[in-house]
Amino acid sequence: MDYIGTEIARHPRAAARLRPLIAEIGQRSGEFPVLLANHLPMVLEAMGRLGASPERLDEYAMHYNTAHAVPFPPPPVAPLTEANWRTAIGHRERETDLRDFFADVVWRIGGVEAIRRYLPELFPGVAASATHGLMRLAYAVLRRDDTEIGISLGYWAATYLAFPRPDSVGTPTNSAAELVLAMPSEPSFRGITVESTLLWKWIEHMGTVPAFRGLLGRLQPADDLLDQVRAASLAVYAATMTFEALHAVTGSHWLRLVSPHLDQPQALVAHWWEVVMALYVRIGMPDLPDAATLEAWRNLPLPSDAEIAAAAVASDDEHDHSLAFSAFEEFKLTGDRLYKVVAARRVGLIA
């Protein structure tokens, strides 16, 4: 049977293995040397929902922890309270303290209420660990896993990365595409170099570029904003198949998972789109494909959903699992066949 939703194609014994496995590996840090995001708790869930056997899940967990030397979090510095937890925001050395703080919050009020009450303060720092704080929280929500929700909030807070807010904001807009389409004409966005290969270091640097800072805060949190950025992200990824644009597609899915638990979810989407705009510069600000091109891609011959899912599960690249799962989930929502096209391309089944 083709994969048509989160419960289809799951191995009959995978669900029973996933929860204890994720609980075990979830105790490790949110990052591994040097300051790279630990995808393992999330992609194991994706693999399980794509059909991985318990044996494959165990094999991949061992491979990932060995290949990346994923450490445990740093030792605690000092306990945090409601009065002082904000002082630890953005300090990776306080990951354990922040995880402990949010674990207690979740224990007291529950994971969903913790998200609703505390996450808005972290919205501006959604670039945390190159947006993987959002990823971990989204998968915790998907699993209804309160322990992981607490860990995710602590991870996001410890790696918090926000753009400096401009002294004055330019003309407001309700169009995410409008801001992007204006960017290629800005000369200062050409030839930018950043010594680090880390994605979040590029994002951080873009916050120092005056012309980019002039774009910040302009996007208004309209009701259809997530729909806008979902469509634009898919178009850019289909045109470029870049690592950066991949995160825009998966990030749209993560936002959808978290949004129902927020009072003002579009405010988070607006901050996240600014991160995507920073990455758009990194990939050279390509033209967006026109409607005819997108339609032609949608109609390309495709392997079956099961073949795409199996190829993703067999891969050792965490971005294959992440993209394939998010693509199937976004297809389930939108019916847009282009999601299956990019998933098949990502795992090497079509050119």
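Quick rundown of the values:
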| quantity | calculated |
| --- | --- |
| Highest-fluctuation residue, G154, G90, G170 considered, GNM on the chain with Cα pairs under 10 Å | G170 |
| GNM result for the chain, Cα springs below 10 Å: residue of S315, S185, S252 fluctuating most strongly | S185 |
| Sequence-distant residues sharing a close amide H with E31 (under 5 Å, placed H) | N38 |
| Semi-axis lengths, Å, segment 82-166, gyration tensor of Cα atoms, sqrt of 5 times eigenvalues | 19, 14, 11 |
| Solvent exposure, largest accessible area first (probe 1.4 Å, DNA, RNA and ligands not counted), of S233, S196 | S196, S233 |
| Accessible surface of E307 - all protein chains present, 1.4 Å probe, nearest 10 Å² | 100 Å² |
| For the chain, built as a Gaussian network whose Cα springs stay under 10 Å, the top-fluctuating residue of E31, E121, E274 | E121 |
| Dimensions in Å of the chain - Rg and Dmax from alpha carbons | 19.6, 58 |
| Accessible surface of M285 - all protein chains present, 1.4 Å probe, nearest 10 Å² | 10 Å² |
| Whole-Å distance, taken between Cα centres, linking segment 266-296 and segment 194-235 | 9 Å |
| Accessible area per residue, Å², the chain with all protein chains present, probe 1.4 Å | 40 Å² |
| Sulfur and carbon atoms: percent of accessible area, the chain [1.4 Å] | 56 percent |
| Accessible-area ranking of K340, K332, largest first, probe 1.4 Å | K332, K340 |
| The chain, dipole about Cα centre (Lys/Arg Cβ +1, Asp/Glu Cβ -1), debye to the nearest 20 | 120 debye |
| Listed residues F163, F72, F331 arranged by accessible area, highest first, probe 1.4 Å | F72, F331, F163 |
| Segment 113-215 - Debye-derived log10 I(q)/I(0), Cα point model, q = 0.14, 0.18, 0.22 Å⁻¹ | -0.68, -0.97, -1.16 |
| Hull-based mean projected area of segment 1-102, where the convex hull spans the alpha carbons, in square nanometres | 7.9 nm² |
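The values are calculated or read from the model by the stated rules, or taken from the named source; none is laboratory data. All values derive from a computational prediction rather than experimental measurement. Cβ sites come from the backbone with ideal geometry, for glycine too, and all protein chains shown count toward neighbours. All accessible areas refer to the heavy atoms of the entire protein, side chains included, with ligands and DNA or RNA removed. Shrake-Rupley method; radii C 1.70, N 1.55, O 1.52, S 1.80 Å.
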